[in-house]
Amino acid sequence: MQFGNRKSRFSIRLTVLGIVTLVAVLTAGVVLGLQYSFSRQWAKESAEQRCNTIGEKVSHQVDALDAKSVNIVESLSHLHELKTFPGPEQVDHVLPLLAGTIKQTESFYAFYVGYDNGDYFEVVNLDSIHARKAFQGTAEDKWVLVTVRMEGGIRIKTSVYFDASFRERAARQEQTTYDPRKRPWFSKALANQGVIQTQPYVFANLGVPGVTYAKSVAGGARVVAVDISLQGLSDYLQMQDLLPHSQAFIFDTAGNVIAGATGPAEERPGKHAVNQGLPDTLSDKRAALSGPVVPYQQLLELASSSTPAARLHQVIIEGQRYYAYVSPVASDDHVHEYLGMLVSIREIMQPYLVKMRVSLLTTFGLLILLIPIVLYCAAVIVNPIKALALENDKVRLRQYDDVEMVKSNIVEIMELSNSMVSMAKSIKAYDESLKKLMDSFIRLIAVAIDHKSPYTGGHCARVPELAVMIAQAAHTSTSEPFAGFQFSNDEEWREFRTAAWLHDCGKVATPEYIVDKATKLETLYNRIHEIRMRFEVLLRDAEIEYWQGLAEGGDKARLAEQLAVKKREIEDDFAFVAECNIGGEFMAENKIDRVKRIAAKTWTRHLDDRLGLGHVERMRYPDHHVEPPCEESLLSDRPEHIIERRSKKPLGSADSRFDMEIPEHLYNLGEVYNLCISRGTLTPEDRYIINEHIITTIQMLETLPYPENMTRIPEYAGAHHETLIGTGYPRKLTAREMSIPARIMAVADVFEALTASDRPYKKAKKLSEAIRILSRMVKDRHLDKDLFRLFLESGVYLEYARKFCAPSQIDEVDVAAYLEELQ
């Protein structure tokens, strides 16, 4: 996989595996997410349903207990025996009656009557919670009759213990300050009609919470009351199907706890068995009532709402999420009671989460088992595709004949393979046609350049022939200098041949009259004719002067002799000028001096030399003008002979790769300037224009969109005028910067030029003379020594000469002598 500025890439195998894995994970994620959502909903609905059931049961139980307590108080309030404080003779009858009533409900702890004179009569069930211990009864003791009466100004408490058969077993007396008239249940009963219920409070004797039901009888003469232990209600609440790890409360509007219980806790690895997930205040199952007030404000807030909904509410306690349930369980005109339950969401979700973990592990297990299957299925696709990629590489490498069918059981891959084979054949045919077209186009360009000048015809065609001959010799040579040189395939050969054919393509931009400049004064025409006419004028002037002398009576013999001398001088001067115009290998200084002396002679012009000129040409003439007739130099370098460059940056000058000295002017047509050319027929301006063709060649070739195997064409074609020591052009390359194919191009270009018979400025060299010049250029390190040795040893020079040179050019060459010099 790759990252960064490039796009990420993946194999098909990884992609298929990733897609299948992604789909499986997404599917599992969605399923598990739905399962979790449904599980949470089911857990909540189940918890809510259980809470509602418990609420209904508790409400019925509280309602029944409340009704039974009220009924008992009502019934006992009508006992005739209790209208006044029972005497000893009445106890035997009242005690069994009251005991039987108390035993109807386990929650009933005691029945008692308080009188308006302060007397107190109470029957206690010692089997109720903590009663036996609180009253210091024995195992045989079943009931306690407690009375408080004033005796001698002192309140005496008498406790008489009875067994199950109501036989008296023991009695105790003690002084007390207890006065029923000062108790809340007494005062509240006096202040209200009917049966009242007190707020929960801790029974003084037992030390456990409970409530009292009481009723004022006979206008306040006595108050009948029953004590209900709330421990029985807590036990009833504990017996209900409470949610695991939950806490249940029965409380009133003031937050006083009437009863409480905790749900079951299951032992799980790594956790304690009791009430995990509950706050610390709920952690002890037996400590259901942590205080007389509900310990969670959230339950009170839900109970204080105008219509508390009997459903689960999510609350946060100590940073943990819980479901809280509050429902009214009993009410009358004086008190409102509520059932409140609290359960950890995490705990009720635990069974579902266990199942989800099993599902998750099962899913991942199946996914792991699925990986080999996916990889195998991916391999069925990947392996043929990889094979197709290899076949595609053959097409890319143009190995069309090696492309084969790839076998696969997948129909689409077989169709693709068949298509690739057909495509390879089509591309091969198309490629061959393009090659033929390109080669024909290249030859067309070379022929067009050769045809541009009748004097260089064949150069662009002969150089490729010679270059390929030398390259073949180097390719097959086993000598050390060419050990690392080899054209490995036909494409490299084609690249080299193309470079050879296009090595002078830049000449298409070179003016024809520069390429064909056979004489020094030649431009679009040979200006020797203009100069000859001036000499003709001088001859006519001499003859006119002769006849004028005769007409004036001069000596005919003397005048004839003078005319003859002038005619010989004029003819000799013109012959010399015409000879200088031809050009050669070297022009001596004395000849240059004579050209300048001839140029100093004058002739008379009688016609305006600006008549008949084009606009651009006339712009080169100076503003001041001498009216004819006027004397002018016979040969001159005039301002109008200078043609300035239109651009200050000639072709290629902006390219830092090229290093050529650029003449100041584009052309200098000065007559003296051109006639005094020391070698050949070209001025420095002409030479630069001709040399500039190689820059044009390089720039033209570099603009072409080559295939990968043709990219070195500009390098090969653009170096044939370079030397090994950096004195060539246009880039002044050195041996280190010139490849063997580039050096071959230089040798081929020079040898073809030396032996060509169609140059306007020189005669074709004989074979021996051409080899001698090559040898000199090798010594000067203009040409490669190893290639020159190979050129001679392989006989390529003679093979080429026999094919392209005239028989008269082919003479003996002392190859051994040259090879010895190269040692």
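Brief remarks follow.
- For the residues LEU437, LEU466, a 1.4 Å probe over the protein chains yields an accessible-area ranking, largest first, of LEU437, LEU466.
- Stretch gain in nm, segment ALA564-MET414, where the contour uses 0.36 nm per residue and the Cα spacing is subtracted: 43.8 nm
- Relative counts (whole %) of C-alpha pair distances in the range 1-120, using bins that are 10 Å wide: 10, 19, 14, 10, 9, 8, 8, 7, 7, 6, 3, 0
- Helical segments meeting 30 Å axial Cα length and Kyte-Doolittle 1.0 threshold in the chain (DSSP H): 345-396
- Counting only Cβ charges, +1 for Lys and Arg and -1 for Asp and Glu, the dipole size of the range 718-773 around its Cα centre is about 200 debye.
- Spin-label pair VAL508/SER636, simplified geometry with 7 Å Cα→Cβ offset, distance in nm: 4.2 nm
- The chain, accessible surface, carbon-and-sulfur percent (1.4 angstrom probe): 54 percent
- The dipole here belongs to the chain: it is taken about the Cα centre, uses +1 on the Cβ of Lys and Arg and -1 on the Cβ of Asp and Glu, and is about 1520 debye.
- Solvent-accessible area of ARG743 with every protein chain in place, 1.4 Å probe, in Å² to the nearest 10: 50 Å²
- Residue-averaged [θ]222 nm for the chain, counting only DSSP H segments that reach four residues, each worth -39500 (n - 2.57): -16000 deg cm²/dmol
- A convex hull fitted to the Cα coordinates of the range 674-788 yields 129 cubic angstrom per residue.
- Cα-projected label distance for VAL537 with LYS355, points at 7 Å along beta-carbon direction, nm: 12.4 nm
- Most to least accessible of VAL354, VAL626, VAL144 (protein chains only, probe 1.4 Å): VAL626, VAL354, VAL144
- A 1.4 Å probe run over the protein chains yields, for the chain, 53 Å² of accessible area per residue, whole-number rounding.
- Across the cross-link table entries LYS182/LYS215; LYS517/LYS763; LYS556/LYS601; LYS566/LYS601; LYS394/LYS428; LYS517/LYS779, which are compared at the Cα atoms, the separations over 20 Å belong to LYS556/LYS601; LYS517/LYS779.
- For a modelled paramagnetic label at ASP609, 7 Å from Cα along Cα-to-Cβ, the residues of the range 515-545 in reach, with backbone nitrogen under 14 Å, are 530-535.
- Cα centroid separation, the range 719-779 to the range 163-207 (Å): 139 Å
- Based on Cα contacts under 8 Å between residues 6+ apart, the chain shows a relative contact order of 8 percent.
- Counted without the sites themselves, the longest stretch of the chain free of chymotrypsin sites (Phe, Trp or Tyr not before Pro) in a DSSP loop having at most 11 other beta carbon atoms within 10 Å is 4-524.
- For the range 452-527, the Cβ-based charge dipole about the Cα centre amounts to some 500 debye (Lys, Arg positive; Asp, Glu negative; other atoms uncharged).
- Translational D in µm²/s for the range 179-256 (Stokes-Einstein at 25 °C, 0.890 mPa s, Kirkwood Rh from C-alpha pairs): 173 µm²/s
- More than 43 Å apart - percent of Cα-Cα pairs taken over the chain: 66 percent
The values are calculated or read from the model by the stated rules, or taken from the named source; none is laboratory data. As the structure is a prediction and not an experimental result, all values here were calculated from the model. Using ideal geometry, Cβ is built from the backbone for each residue, glycine included, and neighbour counts are taken over all protein chains shown. Heavy atoms of the whole protein, side chains included, go into the accessibility calculation; ligands, DNA and RNA do not. Shrake-Rupley method; radii C 1.70, N 1.55, O 1.52, S 1.80 Å.
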